[in-house]
1. Say the cut-off is 26 Å between C-alpha atoms; which of Lys62/Lys170; Lys142/Lys481; Lys148/Lys223; Lys305/Lys437; Lys461/Lys481; Lys16/Lys82 go over it?
2. With N set to the residue count of the stretch 384-443, report its C-alpha Rg divided by 2.2 N^0.38 Å to two decimal places.
3. Which distance in Å, rounded to a whole number, links the C-alpha centroids of the stretch 68-84 and the stretch 238-283?
4. How much of the accessible area of the chain, probe 1.4 Å, is carbon plus sulfur, in whole percent?
5. Which whole-number percentage describes the relative contact order of the stretch 265-452, with Cα contacts under 8 Å and a sequence gap of 6 or more?
6. Once phi is turned into ³J(HN,Hα) by the Karplus curve 6.51 cos²θ - 1.76 cosθ + 1.60 with θ = phi - 60°, what whole-Hz value does each residue of the stretch 331-343 show in order, with x for glycine and proline?
7. Could you put Lys244, Lys305 in order of accessible surface area, largest first, with the 1.4 Å probe and the full protein assembly present?
8. If you bin every alpha carbon distance in the stretch 341-454 into 5 Å steps from zero, what whole percent lands in each bin?
Amino acid sequence: MQHTQSIELKDKQLAKTLSYVNGQWLESENHVAVINPANGDQIATVSNHGVNETELAIKHAKAAMVAWSSMTALHRAELLRKWFNLVMEHQDDLANLLTQEQGKPINEAKGEIAYGASFIEWFAEEGKRIYGDIIPAPSNDKRIIVIKEPVGLVTAITPWNFPNAMIARKAAAALAAGCTFVVRPAIQTPLSALALAELADRAGIPPGVFNVVVGTDASAMGKVLTQHSDVAKFTFTGSTDVGKKLISQCATTVKKVSMELGGNAPFIVFDDADIDASVLGAVQSKYRNAGQTCVCTNRIFVQKKVLAQFTQKYLLAVKELTIGNGLDEGVIVGPLISSDAVNAVDKMVKDSIALGAKLLLGGKRDKAGDNFYQPTVLSQVSTDMPIAKNEIFGPVSPIIAFENEEDVITMANETEYGLAAYFYTRDIGRIWRVATKLQYGMIGINEGIISNTAAPFGGMKQSGYGREGSKYGLDDYLDIKYLCMGGLNS
Ligand SMILES: NC(=O)c1ccc[n+]([C@@H]2O[C@H](COP(=O)([O-])OP(=O)(O)OC[C@H]3O[C@@H](n4cnc5c(N)ncnc54)[C@H](O)[C@@H]3O)[C@@H](O)[C@H]2O)c1
Ligand SMILES: O=C[C@H](O)CS(=O)(=O)O
């Protein structure tokens, strides 16, 4: 019997622990513990399903596809709007679940719930504007007609760092397009996914349209989600290494694929920047979710003329960050997801110091608990050091000095990643030169927080392909069909 402990909710029915398939909650013989990364407490045990239940979900999602894709966009929009309303009505409970299973501070968790819900609201509307075309034909006996149709059954695998929004950002677009959806969430954070399923059920989204299968065997479940012949499209959010494996698996049945992968964001401070604004933007971008976001600042490049001024102000700002349990008032930096994650971050810091980086702040585990790493600042970092070459996924700020615009653009682009980048300057000519030369899908200009529903979220190079959110976000869930209507002069 799966159950939840110690989670106080206004609506206790939101603490779901069983996979949700075809509108039913599936019991399982095996179960797996959900651990609060802030204190190691077991907060729940959830079903541990696998290949059989993944195949069952695909079977029902395929069956549900007929009615769901035939429904009017208006009716789908009404159901998605109900889902949005329910998510926002239960924002506090959903945030409580999220913080307890993932660790982020409660205010950030509330922000994630609203962010995730905003995609449901956005695509409820976008789904009503899936327009086709009538194109002037090369002869009068023909008409060229273009229509857009749902690609079909969509499967997804999502990460633990945004356990609500990464699912909502995908499922909302898929459902609005007329597709059905099966997701396998990260096993560290299943409760947020299952609560979304409960609210989809309450919203009246029909059985089989939205399915969540929870299990530890990611690889085996992933092979079904990427290779099953009934699956039309696969979408993934996670590391680039795993993304590469999944892309190759999708190739066996030529699936439509979208990938939101890793990042190594440069944050560039030019000597004409508003230094106070750049400090605020860098702290916001760096320490969000304890540095565990794909768009977190990963390398801070500061032009030499303002290096001392920026560093001094930045250190003062980082020292103000309160570290602790995300449920506690005023906490800004929560735990990392696991002790292994802390070890990986600490190794990058120690190895970079051994290569000449200078520790200005932090640089070790915090007394708050095993999974806490102190907000850390390193100076005299060079781009060949591990802390600059790798995606840190932790609360560490490497500061790298640079001479001029050309050098910093070269250094900023010297990575296999191309997701997000940031730069601060007040020179309009420089803004256009740098923005066009940086090889990144998303660029913050005098801004450190750039993610929102209206903007196309996605990367270049090995950060993946496809866009989520925005008016572009439906494209990955639609097929374009060309109708040639002939014989019109006969
Ligand atoms: N671009 C984005 O929008 C975005 C958003 C969040 C996270 N990420 C990236 O994700 C990474 C951190 O998240 P993570 O640690 O969960 O990433 P991860 O790639 O280790 O895991 C992501 C998901 O894939 C599953 N998985 C792992 N190996 C698998 C396999 N062989 N087959 C099928 N599924 C498998 C995991 O269980 C998890 O559910 C970082 O690189 C971060 O940049 C990117
Ligand atoms: O890291 C994962 C998310 O995509 C980051 S954001 O919340 O979309 O900025």
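The values are calculated or read from the model by the stated rules, or taken from the named source; none is laboratory data. Since the structure is predicted, the reported quantities are computational estimates derived from the model, not experimental observations. Cβ coordinates were reconstructed from backbone atoms using ideal geometry, including for glycine residues, and neighbour counts include every protein chain displayed. Keep in mind that these areas ignore ligands, DNA and RNA; they rest on the heavy atoms of the full protein, side chains included. Shrake-Rupley method; radii C 1.70, N 1.55, O 1.52, S 1.80 Å.
1. Distance filter (> 26 Å) returns Lys148/Lys223; Lys461/Lys481.
2. 1.17
3. What the calculation gives is 32 Å, centre to centre.
4. 53
5. 28
6. Karplus-based 3J(HN,Hα) across the stretch 331-343 equals 6, 10, 10, x, x, 7, 5, 7, 5, 4, 5, 5, 4 Hz.
7. Lys305, Lys244
8. In order of increasing distance, the bins hold 2, 11, 18, 20, 18, 15, 10, 5, 1, 0 percent.
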